Amino acid sequence: QVQLVESGGGLVQTGGSLRLSCATSARTYAVGWFRQVLGKEREFVAAITWTGGSTVYADSVKGRFAISRDNAKNTVYLQMNSLKPEDTAVYYCAAKRRGFVLTVGAQYDSWGQGTQVTVSS
């Protein structure tokens, strides 16, 4: 099973930026970022394929967040700009071995432990 470790979360003011990192023990088909607020369902944020670098974003983050990968470091990044209080959540990265649907969390095979992002108003 792929091991994933997130880092880079923290407290930031509205309009600020953060960059999350997801270090993986191996490259699979794709890596996705999801977020969850306590008491709410997990929400897809963005995903990227290792080969080709195809990306997909949730409508709520398009134009503000950017996902990228460093193949040499087996690391995926989520650059978050123009942050809003509603972006506050625990952010998780996940690895997907196969398949083309990148937006469904249940289709991912391995998950990290999560990193807290808090955006103050």
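Quick notes on this structure:
- Only lysines eight or more places from Lys84 in sequence, or on another chain, were considered; those with a Cα closer than 19 Å are Lys40, Lys62.
- Each residue of the range 21-27 was assigned a 3J(HN,Hα) from its phi angle through the Karplus curve 6.51 cos²θ - 1.76 cosθ + 1.60 (θ = phi - 60°); the sequence is 10, 10, 8, 10, 7, 6, 8 Hz, with glycine and proline shown as x.
- Förster radius 41 Å - calculated FRET efficiency between Leu11 and Ala106, Cβ distance, rounded to 0.05: 0.85
- Two-site label geometry, Ser60 and Asn81: point separation in nm, points 7 Å out along Cα→Cβ: 2.1
- Remark: the chain carries 51 Å² of accessible area per residue (probe radius 1.4 Å; ligands, DNA and RNA excluded).
- The range 1-56: trypsin sites (Lys or Arg not before Pro) in DSSP coil with no more than 14 other Cβ atoms inside 10 Å: Lys40
- Amide H partners (placed H, <5 Å) of Val56, local residues excluded: Ala47
- Using the Cβ-Cβ distance between Arg98 and Glu43 with R0 set to 22 Å, the FRET efficiency from 1/(1 + (r/R0)^6) comes to roughly 0.45.
- For Leu83, nonlocal amide neighbours, meaning residues 5 or more places apart or on other chains whose placed amide H falls under 5 Å from its own, are Gly15, Gly16.
- Loop-located GluC sites (Glu not before Pro) in the range 22-121 whose Cβ has at most 15 other Cβ within 10 Å (DSSP): Glu41
- Beta bridges from DSSP with both residues in the chain: antiparallel share about 90 percent, rounded to the nearest 5.
- Taking the 1.4 Å solvent-accessible surface of the range 7-121 as the whole, the part contributed by carbon and sulfur is 49%.
- The phi torsions of the range 108-121, fed into the Karplus equation with coefficients 6.51, -1.76 and 1.60 and a -60° offset, translate into couplings of 8, 9, 9, 10, x, 8, x, 9, 7, 10, 10, 10, 8, 8 Hz, rounded to whole numbers, with Gly and Pro shown as x.
The values are calculated or read from the model by the stated rules, or taken from the named source; none is laboratory data. If you're wondering where the values come from, they're calculated on a predicted model, not measured in any experiment. We place every Cβ from the backbone using ideal geometry, glycine too, and count neighbours over all the protein chains shown. These accessible areas exclude ligands, DNA and RNA; they are computed on the full protein's heavy atoms, side chains included. Shrake-Rupley method; radii C 1.70, N 1.55, O 1.52, S 1.80 Å.
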